[in-house]
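Student: Questions regarding the structure given below will be posed in turn.
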Amino acid sequence: MIVENWGYEQPSSSAGGSGLITVPDAGAVNALAVTSTDLASLEAGNVFTVTNIVASNNSSASISINSATPINIVGSGGSLLQGGELTIGCDAEFIKTSTGLICLLGTTNGTVQVKSGTQSNHAINLGQLTASQNNDLKTANNLSEIFNNGSSAQTSARTNIGAQQSGISLITSNLLSEIAALGSTAQSTAQSNLGITGGGVGGGTSGRLLGIALISTSQTFTLASGTNTIIAEVIGGGGGCLGLAATDSTHFGYNLPGLPGAWALVEIPVSQLSTGSSGTVIIGIGAGGASTNSLTVSNSGSATTIDTSVVIAAGGAGAVTSPSGSGNYTNTAVNITYPSGTLSAVSVVSPSVILKTKTSADYLSKLPITMGTFSATSLLVANSTGGNVGVSCYSISFFDSNNTFPRYGVGGNGSFLPISQPARGGNAGIQGAVRLWMYS
């Protein structure tokens, strides 16, 4: 671009007297250098042309006139050059400013700086355009700009486009906490809609099974990671039975079994446990009632507990007075009265609930009701249906439906003592236990 006389007073030209100073570049990269007597008296407002630029600038640049101290070159926006404004072989027009700088007005092949626009018809520079683009949504990003600005921006965006009504939309990053915030009824409804059996405490488990554990010693047990609900089978320690007095040559003796410990299936939310936040549960196992030689006083079992008081499964009562020596040994029909005491109960603290439990009626229905005639030869006892049973009066455990050993929580079994036998102690009850099913 050739700039003619702009109306400024110019020194006389060494290039033919046209009044426009034109000199070739003799400098280097980022450092122009020109020599001309016409530039010796260069004043503010004077324009001159430098032809055939030696090298393209790659950063800020300066110009030395007649070997004087280099002067910084600025663009039309008043900023130092950034690179690419001057290109090798181009011609460039400059004006000296009132502040003593050299301002680039234009080139034949370079990039011209543009001052940031402030009005509607102003040109904008690349910096302004980039900043503006940073505020724009880009199709290829699929609205990720809004997501990256966080939940507040997401909420505002949904509101602005009418995608959210009264805050009922679920947000993926919230992991369904909107349902949890509405309470147990909303959670149960959501579980039902998803086809999940149950619906929280009292309605069955609602998560997947994470593990099963049988606990037979008192301890602080570590739950499977992620456990939110526990189904616990609990039983207290079984009661003991009385001792047996010595028998003579014409009498036999027997004692009765102790009652089993209280039994129940209980559903417990982990959040209720005092140690729930640490993922543990405190288990206390009830001991069985100790054996005794006493003929009148037996020992009851101890309670099995979960978190001390959240669940208490009482121990079984000890057996009642033994009718030792009350029957003739030969051809004597004997009717045995089994323990009449009420079966101990299981208590829980809400929101834990008992899903199933056993009563004294359940216990007594499991026992033979009468013993028939003792036979001197077989030492067997006929039950009420005519068959034979062993001479011992047995207790049961509700902990295992198959009554397999170790039969936790069972009362001490009763015993039969034939004629002419020394006294013997009663059997002890068996300790309680806890079985846990852990659900997410």
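The values are calculated or read from the model by the stated rules, or taken from the named source; none is laboratory data. Just so you know, these numbers come straight off a predicted model, no measurement behind them. Note that each Cβ is placed from the backbone with ideal geometry, even for glycine, and that neighbours are counted across all protein chains shown.
Student: Starting from the range 300-322, take each residue that is without any contact (Cβ under 8 Å) to a residue 24 or more places away in the chain and assigned by TED's automatic domain parsing to the domain that holds ASN255 and list its partners that are of a type in the set (Gly, Ala, Ser) and surrounded by fewer than 24 Cβ atoms within 10 Å (Cβ to Cβ), counting only C-beta distances under 6 angstrom and pairs at least six apart or across chains.
Tutor: What qualifies is THR305/GLY284.
Student: Residues in the range 335-344: is at least one modelled with pLDDT of 85 or more, in the same structural domain as GLY429 (by TED's automatic domain parsing) and assigned to a loop (DSSP other than H, G, I, E, B)?
Tutor: No.
Student: When the residues of the range 67-91 are filtered to those that are at pLDDT 90 or above and among the polar types (S, T, N, Q), which remaining residue is nearest to ILE53 (Cα to Cα)?
Tutor: Within the range 67-91, the match that is nearest to ILE53 (Cα to Cα) is THR87.
Student: Continuing with the same structure: Select from the range 96-110 the residues that are without any contact (Cβ under 8 Å) to a residue 60 or more places away in the chain and crowded, with 16+ Cβ neighbours inside 10 Å and write down the one among them that is farthest from PRO24 (Cα to Cα). Show your work before the answer.
Tutor: Just the residues of the range 96-110 that are without any contact (Cβ under 8 Å) to a residue 60 or more places away in the chain, to begin with: 96-104, 109-110.
Those left that are additionally crowded, with 16+ Cβ neighbours inside 10 Å: 96, 101-104, 110.
Details: LYS96: 17, LEU101: 19, ILE102: 16, CYS103: 17, LEU104: 16, GLY110: 17 Å.
Among them, the one singled out is LEU101.
Student: Name every residue in the range 236-267 that is under 40 Å from the mean Cα position of the chain (by Cα) and farther than 15 Å from SER397 by Cβ, in order of residue number.
Tutor: Within the range 236-267, VAL266, GLU267 qualify.
Student: Is it true that ALA40 is at pLDDT below 90 and over 17 Å from LYS115 (Cβ atoms)?
Tutor: Answer is yes for this residue.
Student: Can you name every residue in the range 271-309 that is touching a helix residue (DSSP H, G or I) at 6+ places or on another chain (Cβ under 9 Å) and either farther than 29 Å from THR229 by Cβ or not hydroxyl-bearing (Ser, Thr, Tyr) (or both)?
Tutor: GLY276, GLY279, VAL281, ASP307
Student: If you go through the range 358-381 one residue at a time, do you hit one that is assigned to a loop (DSSP other than H, G, I, E, B), modelled with pLDDT of 65 or more and surrounded by 14 or more Cβ atoms within 10 Å (Cβ to Cβ)?
Tutor: Within the range 358-381, one or more residues are assigned to a loop (DSSP other than H, G, I, E, B), modelled with pLDDT of 65 or more and surrounded by 14 or more Cβ atoms within 10 Å (Cβ to Cβ).
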